[in-house]
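Peer 1: I'd like to ask you about the structure that follows.
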């Protein structure tokens with residue numbers, strides 16, 4: 001299991017090389033998923049024994065294999081933590097991989113899913129990529145800067161000011177994310193305070209937060225690989241991302257991301 | 001307001017011409033929306049007096065104007081019923097237009113929205129088009145056949161067999177669609193009976209139902225222009241669409257669409 005450790009020092013040059021590599025390999029992995037998208041593939045059920053439902057397609061596994069192989073070839077000293085194939089220890093720099101974030105959306109033929117890839121330095125993800133291969137979109141960042149690319153369209157990502165929670169567009173993948181009781185009640189309070197609430201989105205809604213069209217994302221039960229790639233994109237676009245108690249989001253759990261720092265403060269008070 | 005009247009007889013040749021025209025004009029209208037998509041446009045609030053929130057962008061109005069102008073030029077004798085500019089009476093054949101179905105998704109930069117265009121013959125919509133311009137996708141049908149087109153990809157749409165509701169993927173735009181009380185309770189019963197429930201989607205989820213990746217769609221509070229374009233697509237793909245009481249869906253309200261007719265029967269019993 002991925003955990004915190006002393007931060008590995010990385011030069012700016014290395015960081016640029018890691019991000020460039022990550023964008024390229026997310027593209028390759030994404031391309032491989034399209035061969036399975038909207039195909040009637042066999043769906044395996046990882047959680048069948050526990051009664052849950054977590055579809056895993058061949059696409060998911062194939063994409064993670066592509067990413068792992070590329071990392072092993074280029075950065076054999078690095079660790080890898082992937083949704084499908086678990087943790088391989090390394091030198092303290094660990095690639096954190098969700099080959100298809102939003103597998104239920106993928107299975108349903110919908111569009112809000114993506115390939116997620118981050119590099120964790122022991123303390124925080126220092127670069128991150130979210131790639132939607134069907135629309136050929138890339139969202140990526142290093143915590144200082146974040147960018148969007150689609151074909152010839154290429155621009156910086158920047159969150160928008162919102163001013164106050166009552167003017168905010170709130171997004172979450174779905175109400176079933178929240179544990180019944182206090183957690184669900186806290187989300188409902190947040191939703192009542194926001195201008196409107198959109199469900200559906202998985203990783204894609206964080207891309208829209210970074211682009212300045214969603215103001216608040218609140219989710220729960222997230223794994224490190226669900227959130228790490230998004231952290232350097234959100235921060236690079238000027239946004240804020242923490243847990244619901246305001247702590248570091250790298251290990252997942254209940255996550256709050258906002259464009260406007262004032263709204264983050266308001267939302268933390270409501271969730272706390 | 002759109003209402004039922006005696007069905008206007010239409011030849012097969014006319015029907016083909018209407019569908020071809022509708023696909024072309026949905027494409028033009030869609031193209032016009034992209035100039036506004038992910039732009040920080042001024043959002044007007046149609047329902048500000050009633051306290052509701054129904055964002056209308058310039059994109060929405062511009063797209064409807066394009067469609068109305070094209071219809072007036074090509075079929076001046078036809079009626080038009082549009083979300084933005086209301087009803088113009090005609091010869092009994094009425095074009096039913098939602099220039100952007102899923103305006104909240106559009107405003108949030110998300111992908112599940114589309115241009116909807118149908119032709120109502122007084123009794124039912126005889127052709128329908130759903131177009132997503134950002135992804136360049138067209139879903140269209142005439143009640144007997146339905147097709148999908150994206151660039152060079154072009155194939156028939158066909159729902160999938162599901163067998164039983166407990167194996168079904170259920171989709172709805174969001175839980176806020178349902179009136180508190182009986183309607184919400186009925187949806188919750190349906191959701192508990194399904195394998196999983198996906199929120200988010202607007203018109204796009206019906207495209208995925210027609211393509212065989214979603215089994216059940218259940219929504220409420222729909223207007224004629226929200227559903228009419230989708231009816232000939234769903235039926236053309238082999239699916240079933242009615243109200244929650246099993247009656248004709250053309251006037252909207254609470255809508256149930258399914259791929260598998262057995263599942264439709266099961267779902268009607270649960271909702272009834």
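Peer 1: If you draw the axis that swings chain B onto chain A, which residue of B has its Cβ closest to it, and how far is that in whole Å?
Peer 2: B:200, 1
Peer 1: Let me ask another. Say a label goes 7 Å from Cα toward Cβ at residue B:153 in every copy; what distances in nm does this one have to the rest, shortest first?
Peer 2: With the label placed 7 Å along Cα→Cβ, residue B:153 yields 1.8 nm.
Peer 1: Given label points at 7 Å from Cα along Cα→Cβ, what nm distances, shortest first, separate residue A:86 from the same residue in every other copy?
Peer 2: Here the equivalent label points are 6.8 nm apart from this one.
Peer 1: Here's another thing I want to ask about it. Would you mind checking the radius of gyration and Dmax of the range B:88-228 based on alpha-carbon positions, in Å?
Peer 2: 15.7, 47
Peer 1: Beyond 19 Å, how much of the Cα-Cα pair distribution for the range A:112-188 remains, as a whole percent?
Peer 2: 60 percent
Peer 1: Could I ask something else about it? Put a label point 7 Å from Cα along the Cβ direction on residue A:269, then list its distances to the equivalent points in the other copies in nm, shortest first.
Peer 2: 5.2
Peer 1: Give, to the nearest whole percent, the P(r) tail of the range A:106-151 beyond 18 angstrom, counting all Cα pairs.
Peer 2: Working: 378 of 1035 pairs.
Tail fraction, whole percent: 37.
Peer 1: How much space per residue, in cubic angstrom, does the convex hull of the C-alpha atoms of the range A:226-272 take up?
Peer 2: Numbers: hull volume 2.6 nm³, N = 47.
Measuring per residue, one finds 56 Å³ for the Cα hull of the range A:226-272.
Peer 1: Mind computing the radius of gyration and Dmax over the alpha-carbon atoms of the protein assembly as shown? Å is fine for both.
Peer 2: That works out to 23.3, 76 Å for Rg and Dmax.
Peer 1: Quick one: grab Rg to one decimal and Dmax as a whole number for chain A, Cα atoms only, in Å.
Peer 2: Just the Cα atoms of chain A yield Rg and Dmax of 17.5, 50 Å.
Peer 1: Using Cα pairs closer than 8 Å and at least 6 residues apart in sequence, work out the relative contact order for chain B, in percent.
Peer 2: Working: 666 pairs, mean separation 47.6, N = 272.
Relative contact order comes out at 18 percent.
Peer 1: If you take each beta carbon of peptide B:208-216 and count the beta carbons of other chains within 10 angstrom, what is the mean?
Peer 2: Working: counts 6, 2, 1, 3, 3, 9, 4, 1, 0.
The mean count of partner-chain Cβ atoms within 10 Å per residue comes to 3.
Peer 1: Here is a further query. What distance in nm separates the simple spin-label points at residue B:91 and residue A:158, each placed 7 Å from Cα in the Cβ direction?
Peer 2: Those two pseudo-labels are separated by 5.3 nm.
Peer 1: Report the relative contact order of the range B:52-184, percent, no decimals, based on alpha-carbon pairs under 8 angstrom and at least 6 residues apart. Please report the intermediate quantities before stating the final value.
Peer 2: Values: 197 pairs, mean separation 15.8, N = 133.
RCO, the range B:52-184: 12 percent.
Peer 1: Do the sum for the protein assembly as shown: with -39,500 (n - 2.57) for every DSSP H run of n ≥ 4, divided by all residues, what is the mean residue ellipticity at 222 nm, to the nearest 500 deg cm²/dmol? List each step's numbers first, then the result.
Peer 2: On the way: 16 runs with 174 residues, N = 544.
Taking each H run of at least 4 residues, the total per residue is -9500 deg cm²/dmol.
Peer 1: Taking each residue of B:169-177 in turn, how many C-beta atoms of other protein chains fall within 10 Å of its C-beta, and what is the average? The partial results should precede the final answer.
Peer 2: Working: counts 5, 0, 3, 2, 3, 7, 4, 5, 0.
Averaged over the peptide's residues, the number is 3.
Each reported figure results from applying straightforward, stated rules to the coordinates on display, with no laboratory input. Being a predicted model, the structure only gives us computed values, none of them experimental. No Cβ is skipped: glycine too gets one built from the backbone with ideal geometry, and neighbour counts run over all protein chains shown.
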